[in-house]
1. For the range 81-100, which residues satisfy the criterion of being touching a residue at least 60 places away in the same chain (Cβ under 8 Å) and hydroxyl-bearing (Ser, Thr, Tyr)?
2. Listed residues Arg223, Arg184; which is in contact (Cβ under 8 Å) with a residue 60 or more places away in the chain, more than 9 Å from the ligand (Cβ to nearest atom), under 16 Å from the mean Cα position of the chain (by Cα) and at negative phi?
3. Looking at this structure, is Ile82 at pLDDT 95 or above and in contact with a Cys (Cβ under 6 Å, 6 or more places away or on another chain)?
4. From the list Ile351, Ile308, Ile294, exactly one residue is more than 20 Å from Ala227 (Cα to Cα) and among the aliphatic types (A, V, I, L, M). Which is it?
5. Does Trp162 meet the test of being outside the structural domain of Gly506 (by TED's automatic domain parsing), more than 16 Å from the ligand (Cβ to nearest atom) and surrounded by 17 or more Cβ atoms within 10 Å (Cβ to Cβ)?
6. Can you report the number of residues in the range 226-259 which are assigned to a helix (DSSP H, G or I), of a type in the set (A, V, I, L, M, F, W, C) and either near the ligand (Cβ under 9 Å from one of its atoms) or in contact (Cβ under 8 Å) with a residue 24 or more places away in the chain (or both)?
7. Pairs needed: first member in the range 128-139, closer than 16 Å to Thr254 by Cβ; second member anywhere, small (Gly, Ala, Ser) and away from the ligand (no atom under 16 Å from the Cβ); C-beta distance under 9 Å; at least 6 residues apart or different chains.
8. Please specify each residue of the range 739-774 satisfying the condition of being in a loop (DSSP other than H, G, I, E, B) and modelled with pLDDT under 95.
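The values are calculated or read from the model by the stated rules, or taken from the named source; none is laboratory data. In this text the structure is predicted, and so the values were computed from the model without any measurement. In this analysis, Cβ positions are derived from the backbone assuming ideal geometry, glycine residues included, and neighbour counts consider all displayed protein chains.
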Amino acid sequence: MAKSHTVIGNCFTKEFTLKSNHDNLYNLLTLDCDKIFTAASWSLDQFSKLEKELNEIKSRLNDYDIKVWQQHTSYTNLAHDIVFQLKQQCYPELCTQAWAKFYEILHRCNIDQRLNLQQWSDDLDLSQIPLSSLHLCEGPGAFMTSFNHYLKSHYPHLPWQWLAMTLNPYYEGNKDGSTITDNRLISKTLSHWNFGRDNSGNILHRHNMTFLVESLSQWPSIRLVTADGSIDCSDRPGQQEAIVSPILYCETLTALRILTKDGVYVLKMFTSFQHRSICLIYLLLNVFQEVKAIKPSCSKSGNSEVYIICIGYIGFNAIPKQFWDNLCANYGLEDRCISLFPLDYIPVPIIDKIYTFCQYFSTLQIDAIQRNIRLFDTLNKSNRKFISKAKKAIAKEYITRYQVYEIQPEKKIVSSVDVNLSRRDDKFKSIGSKAGSFNQRVGQTKRKWSESVNDYNIPELLKIETAPCSSRFPRNRIFREEICNLQWLHCNDTLIETENWTRTYGFYPAEICNSCFASNELLLDVMSARQEQSRHKQEIKTIDNYQNHSLSPTFYSNSCYKSIADILLSVTKTGNQSKYVVLSGKVQHILSNICNQSGVSDDQVKVITTSNESTPCSTYFAISSTSELISSFDSCERYIQETFKAVDIVFADFHPESIKERASQTSHNKLILSEVLLACKVLAMNGHLILTVGDLLSRFQCSVVYMLHVFFNKVSILHSIDDQIRCKTIICCGYRGPDTLAQAISHLQQTLSMVSILRHDEDGTNEVDLLCFVPISLLTDEGSEFYRYIYEINNRSLGFELAVRANKE
Ligand SMILES: C[S@@+](CC[C@H](N)C(=O)[O-])C[C@H]1O[C@@H](n2cnc3c(N)ncnc32)[C@H](O)[C@@H]1O
């Protein structure tokens with residue numbers, strides 16, 4: 001074992017200077033921009049040899065169980081105690097490894113001098129303008145809490161503003177695995193996060209980069225940009241460099257577009273053996289005065305991560321236009337067959353320098369892996385003693401060296417809440433949690449959704465009791481006791497203020513891959529099942545499988561209840577003098593059910609339906625034989641009020657079979673809002689609404705449920721177990737009346753008009769859709785009854801659907 005003071009010193013000095021202040025500035029103007037992205041991809045023998053050596057050492061880890069290995073390397077990681085001690089002694093906000101890495105980077109690159117912070121802070125005029133920074137690929141956000149801690153510790157009066165972009169944890173189209181679902185800081189600082197034009201936050205989409213640039217047009221110059229993008233490559237460790245290179249490229253172009261002259265850019269890179277990384281470094285060397293690579297102490301020595309610190313930017317205006325346009329031509333594209341620059345573009349001394357840099361860091365990495373392998377087999381008492389002593393010393397050294405001390409709670413970014421406490425991704429167990437060795441995982445084909453069914457406790461999820469012989473779901477009987485057991489979501493707000501509520505726009509995701517309103521594991525399995533079964537056009541009939549089970553009252557069967565009208569009568573105990581309005585696509589069925597039971601007469605019911613030819617969203621309504629023709633929701637309202645004054649029950653069941661296209665998604669959203677608004681206008685106080693919908697996984701759908709739970713005294717969501725297994729019915733009881741709800745109704749009315757407003761991209765191709773109209777902080781407040789309710793209902797529905805679909809396999 002090495003001497004402990006050497007070991008401690010080595011921890012804080014892993015760095016390599018790629019270009020110093022004294023080197024000449026390479027001049028982009030001398031480069032021929034027509035050559036950009038024209039050359040076939042190239043490789044260099046000496047780099048490939050290094051890559052092979054590193055991969056060979058890495059491949060020795062292939063037989064270790066990933067969890068055991070992670071445990072071992074955490075133990076042998078001499079910097080492991082830094083975060084623990086920081087938390088104990090300095091109480092940083094969102095204190096993670098990333099926090100500690102960035103705090104170290106700020107010190108080691110002398111950020112105070114680079115950004116002239118002292119002068120900035122002292123100079124009265126300057127200090128009127130806040131120091132501005134941008135943070136790319138930044139979820140969950142520890143770089144900002146770290147920077148804030150640094151600024152508040154050393155320059156407490158310096159005004160600072162920040163903006164960040166990352167894969168949006170709330171965007172339903174973002175795949176789990178690459179999206180960090182830990183939203184502790186994000187949820188409290190939403191106005192500081194820019195998720196781009198499409199709301200995904202994906203830096204690989206050029207429209208998001210342009211949107212970001214536009215959003216920052218009124219900001220003071222951005223003097224610091226960080227880019228910490230990475231994705232989990234543990235299943236393809238040998239391909240990490242190639243996999244992340246498009247992200248690094250897009251981060252860099254975004255930084256070059258936004259950073260001000262003389263600004264600082266911090267980019268996380270991995271290995272640089274291949275043409276893409278070599279070209280990227282060459283580009284950086286051309287546009288920055290100094291370029292240095294740092295491996296912070298908290299970055300595990302066995303990984304390839306290294307931070308490139310670029311200082312003294314030449315400024316966007318100094319980049320020739322044609323050069324820039326050509327760089328952007330391949331933004332976000334993954335064409336591995338062409339290189340950014342031809343090989344002969346890059347001077348040999350630069351290639352040599354980049355090679356020495358690669359050699360330096362890969363040697364450190366190889367040494368670290370070999371040490372870990374050695375210790376795995378031979379960890380003895382003396383090793384343990386050394387490790388434990390070194391860990392303590394390194395943590396102590398970190399705190400002293402970088403002068404970390406506690407800051408007052410009110411100086412934190414989120415001063416009123418402790419973002420260290422709750423942690424969404426604990427509950428939403430990550431899909432990426434892996435088990436077994438790499439070789440075992442490679443041997444396995446990806447688990448099929450139908451095999452995962454056994455992993456879920458479906459009976460528990462559905463509250464299925466062991467099937468009794470006498471069915472509790474006999475056909476043609478109403479079970480009032482079942483209804484009474486419904487789970488209700490009660491309204492707690494007496495007055496709802498929507499004045500400051502903003503709406504979120506973006507692109508409807510092509511498919512739902514992620515929802516903050518359900519377990520993502522379950523969701524992904526259900527989505528694969530849906531896709532596979534719709535490919536094979538498999539029919540799903542559920543009642544046959546479940547009629548002999550006793551399910552939670554969350555589930556209902558049409559054959560049991562005859563119709564939702566039965567449920568309504570049970571729930572509301574409304575007398576047979578009630579006046580109904582039925583907005584439906586299935587007039588005859590509903591009408592006969594309602595009229596044939598409980599002595600409800602024809603003149604108590606008005607049925608309003610779309611004509612057969614029109615789409616459900618049509619504003620043209622044909623009226624059943626009992627009524628007249630009505631042409632829009634507005635005239636429908638007038639008609640109902642003239643006929644009934646106020647009604648007791650509105651029943652709306654325009655449930656579309658499937659919504660795939662954007663246009664039908666928009667129409668469907670409009671329709672649901674129109675139905676709810678109509679109900680708000682025609683219902684008597686304490687009246688009821690029954691609304692049939694499909695999935696409740698998106699922010700839009702959950703915004704609707706949120707509004708309903710505010711509009712009515714109580715709401716319950718039932719899940720159909722009949723042929724439409726995605727069909728849900730929302731029973732809303734006890735309308736609270738327009739006086740209490742005036743503001744919220746007006747918000748909904750405005751929202752409806754927004755659904756129809758299409759906003760265009762600068763090239764006119766992409767329209768922007770309305771994605772959410774209730775603040776996400778309210779929708780996803782984990783302490784709220786609303787959130788717990790919707791999360792549970794969705795999981796039950798998905799669990800049920802998975803079980804049903806698996807039975808069909
Ligand atoms: C290592 S984490 C960043 C940690 C962060 N610096 C911190 O201190 O908390 C990498 C981040 O990159 C994000 N990311 C990966 N691919 C991305 C992409 N295409 N666009 C935007 N963000 C991306 C991930 O979702 C993740 O939040």
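1. Tyr91
2. Checking each option against the conditions leaves just Arg184.
3. Considered against the rule, which asks whether it is at pLDDT 95 or above and in contact with a Cys (Cβ under 6 Å, 6 or more places away or on another chain), Ile82 comes out as yes.
4. The conditions single out Ile351.
5. Here the answer is no, as Trp162 does not meet what is asked.
6. Residues in the range 226-259 being assigned to a helix (DSSP H, G or I), of a type in the set (A, V, I, L, M, F, W, C) and either near the ligand (Cβ under 9 Å from one of its atoms) or in contact (Cβ under 8 Å) with a residue 24 or more places away in the chain (or both): 9 in total.
7. Ser132/Ser221
8. Ile757, Leu758, Asp761, Glu762, Asp763, Gly764, Thr765, Asn766
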